[in-house]
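Trainee: Below is the structure I would like to discuss, written out as structure tokens.
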Amino acid sequence: MGTERARTPTTSPLDHGAVALLVTGSPGAGKSTVARAVAGALSRSALVNGDAVARLVVGGYVWPLGEPADEAARQVRLCNDNLCSLARNLLAAGFTPVIDWIVPDGDQLEVYRAALGERLRVVVLDPGADVCVARDRQRAPLEQFAFDGHDALRATMVEGFGGRGWWLDSSHLTAQETAALVLREADERARA
């Protein structure tokens, strides 16, 4: 049995199922670390990891950039639908879902907006490609993503999001500093 670190619940407006928080950005931006820290600081929250939900598919799993492309796209749609369903269920039970997932374009963002409406908050961690690559290299070898499409991904997100959400340059912030900023300001700044 593991030990759980004691925490002091926040008084963040994100708490108690008031909103659903989507933390997105490029690989290496810090999504998982920040989402985990935010969820851990709230008194009633759930961490909803998109990679884990996508990997519920075992037989026939195709990763989002995999082949065949039509099957990869179908599984991404399924994952987005499942993430939204989980988020709605958690909200209904009074928990704040903190979703950790790459939402690469406006079409996929619309799935979340349609499902979660006014309760959706979107934080795009945007530290820049160089920082993402450097952070990825600091991971354990089996956890590295070795992604080289940061600029192209950012461009499709900027175009598709159309100014929605909070684009947070976290390049000079630690994960804890970023999480603290999200807890304080995302309710107002991250409206989608």
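Derivation of every value follows stated rules applied to the coordinates shown; laboratory data play no part. The model shown is predicted, which means the values in this text are computed figures rather than measured ones. When we count neighbours, we look across all protein chains shown, and the Cβ atoms used for this are built from the backbone with ideal geometry, even at glycine.
Trainee: What does the C-alpha gyration tensor say about the overall shape of the range 22-106? Classify as rounded when a/c is under 1.5, otherwise prolate if a/b is larger than b/c, or oblate.
Mentor: Since a/c reaches 1.5 and a/b is larger than b/c, the shape of the range 22-106 is classed as prolate.
Trainee: Can I ask one more? Based on Cα coordinates alone, diagonalise the gyration tensor for the range 86-190, multiply each eigenvalue by 5, take square roots, and list the semi-axes in whole Å, largest first.
Mentor: Values for the range 86-190, descending: 24, 17, 14 Å.
Trainee: GNM, the chain, Cα, under 10 Å: largest mean-square fluctuation among Arg164, Arg154, Arg139?
Mentor: Arg139
Trainee: Right, something else. Does the chain come out rounded, prolate or oblate by the C-alpha gyration tensor, with a ≥ b ≥ c the root eigenvalues, rounded set by a/c under 1.5 and, if not, prolate when a/b is larger than b/c and oblate if not?
Mentor: Rounded, because the longest to shortest axis ratio a/c is under 1.5.
Trainee: If you stretched the chain out fully between Asp51 and Glu188, how much longer would it get, using 0.36 nm times the residue separation minus the C-alpha to C-alpha distance?
Mentor: Separation in residues times 0.36 nm, less the Cα-Cα distance, equals 46.6 nm.
Trainee: I've got another one for you. For the range 20-141, what's the relative contact order in percent, using C-alpha pairs closer than 8 Å and at least 6 residues apart?
Mentor: Relative contact order of the range 20-141: 47 percent.
Trainee: Something else about it: Given R₀ = 35 Å, what would the calculated FRET efficiency be for Ala146 paired with Ser43, taking r from the Cβ atoms and rounding to 0.05?
Mentor: Computed FRET efficiency for Ala146 and Ser43: 0.40.
Trainee: Between beta-carbons, use under 15 Å as the cut-off and find the net charge around Gly28, counting Lys and Arg +1, Asp and Glu -1.
Mentor: -4
Trainee: For every other residue with a beta carbon closer than 10 angstrom to the beta carbon of Tyr61, add +1 if it is Lys or Arg and -1 if Asp or Glu, then tell me the sum.
Mentor: Its environment carries a net charge of 0.
Trainee: Multiplying the sequence separation of Arg139 and Glu159 by 0.36 nm and subtracting their Cα-Cα distance, what value in nm do you get?
Mentor: 4.2 nm
Trainee: A follow-up question, please. Which order do peptides 117-128, 179-190, 140-151 fall in by mean Cβ count within 10 Å, highest first?
Mentor: 117-128, 179-190, 140-151
Trainee: For a distance above 12 Å, tell me the whole-number percent of Cα pairs in the range 75-120 that qualify.
Mentor: Of all Cα-Cα distances in the range 75-120, 60 percent exceed 12 Å.
Trainee: Note down the nm distance, to one decimal, between modelled labels 7 Å out along Cα→Cβ at Thr174 and at Ala73.
Mentor: 4.4 nm
Trainee: Here's a follow-up. Please report the antiparallel percentage of the DSSP beta bridges confined to the chain, to the nearest 5.
Mentor: Expressed as a percentage, antiparallel bridges in the chain total about 5.
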